[in-house]
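Colleague: Dropping a structure here in structure tokens format, bear with me for questions.
Only the coordinates and a few stated rules stand behind these numbers; no lab work does. Predicted model, so just to flag it, every value in this text is computed and none were measured. Heads up, the Cβs are rebuilt from the backbone with ideal geometry, glycines too, and the neighbour counts pull from every protein chain shown.
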Amino acid sequence: MAALHGDPPPIPADTPVRIYSMEYCPFAQRSRLALTAKGVKFDVINCHLKNKPKFLTDAHPNGTVPVLLHKGNVILESEITVEYVDQAFPDQGKKLYPEDAAERAKARVQITFFGQKVIPQFYKALRETSDEEIGKLLDVLERWVEEPLRKQGTPYLGGQDYNTVDINTWPWLERLDARVQHGAISLPEERFPNLVAYIRRMKSTPGIAELVHSAEDYKVAFDSYAKGEPNYNYNSPHPFYEGEV
């Protein structure tokens, strides 16, 4: 889809939420997963993240996605958008956060440690592709994903059904699966039986499956990043905006 310029059209009257996004941004995927889980109709405007459209930099001081627009409110940062969606639409779809205070705190801790331990190492292994960095990635995956799944004995990181923990961690595990399919990373099932089963389960879970990209889509995206010419909107059905040339 060719890039558009200027301001996007007004949010459709029958659509309560608009999200400024980018098709392959895992942080923006968190927001889209939350909205899908809640059954909230939303409008997606994809943005070029190098030649940023002015409406994006006006909405977010760092010019990053996601940005969620709802009833005149501008909600920034992916984890915050997930919590906002759960609270703004309490009677729709699934409850994303546990009601129990201790369980809610536990969910936040799981998300925090995944963000601190797994996400940085994922990107380091993606950039450097050395056996050492991939080995470190496997170690943190074992500690922060495989072990919790084994100890909990539940189908999802969030428990018997998926919740905010899964929504906030899945985007990177989906991309991990793509790298496994590309042959760039090996995820031995004998070492990661729970994680391998979890990935299969998530890819077929309603509310998640609708937003899963193919391994081929990710290959195009990853290769374009490696060349320094990111293809931000490959195979996307959504309008795509960039700044003025």
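Colleague: Where is the GNM fluctuation largest for the chain (alpha-carbon springs, 10 angstrom cutoff): Ala105, Ala178, Ala59?
Modeller: Ala105
Colleague: So which trypsin sites (Lys or Arg not before Pro) in the stretch 1-77 pass both tests, a DSSP loop state and at most 15 other Cβ atoms within 10 Å of the Cβ?
Modeller: Hits after loop and neighbour filter: Lys41, Lys50, Lys71.
Colleague: Whole Å is fine, so just give me how far the alpha carbon centre of the stretch 27-52 lies from that of the stretch 97-175.
Modeller: After rounding, the separation between the Cα centres reads 21 Å.
Colleague: Compute the FRET efficiency between Glu229 and Ser186 as 1/(1 + (r/R0)^6), taking r as their Cβ-Cβ distance and R0 = 25 Å, and round to the nearest 0.05.
Modeller: Values: r = 29 Å, r/R0 = 1.14.
The pair Glu229/Ser186 has a calculated efficiency of 0.30.
Colleague: Just to confirm a number: summing +1 for Lys and Arg and -1 for Asp and Glu over residues other than Leu149 whose beta-carbon lies under 12 angstrom from that of Leu149, what do you get?
Modeller: 0
Colleague: Name the long-range amide H neighbours of Asp43: under 5 Å, sequence gap of 5 or more, or other chain; modelled H, no Pro or chain starts.
Modeller: The answer is Val17, Arg18, Ile19.
Colleague: On a full-extension model of 0.36 nm per residue, what is the gain between Glu210 and Ala101, subtracting their alpha-carbon distance, rounded to one decimal in nm?
Modeller: 36.2 nm
Colleague: Please give the length that would be gained between His238 and Leu4 if that part of the chain were fully extended, namely 0.36 nm times their separation in residues minus their C-alpha to C-alpha distance (nm, one decimal).
Modeller: Residue separation times 0.36 nm, minus the Cα-Cα distance, leaves 83.1 nm.
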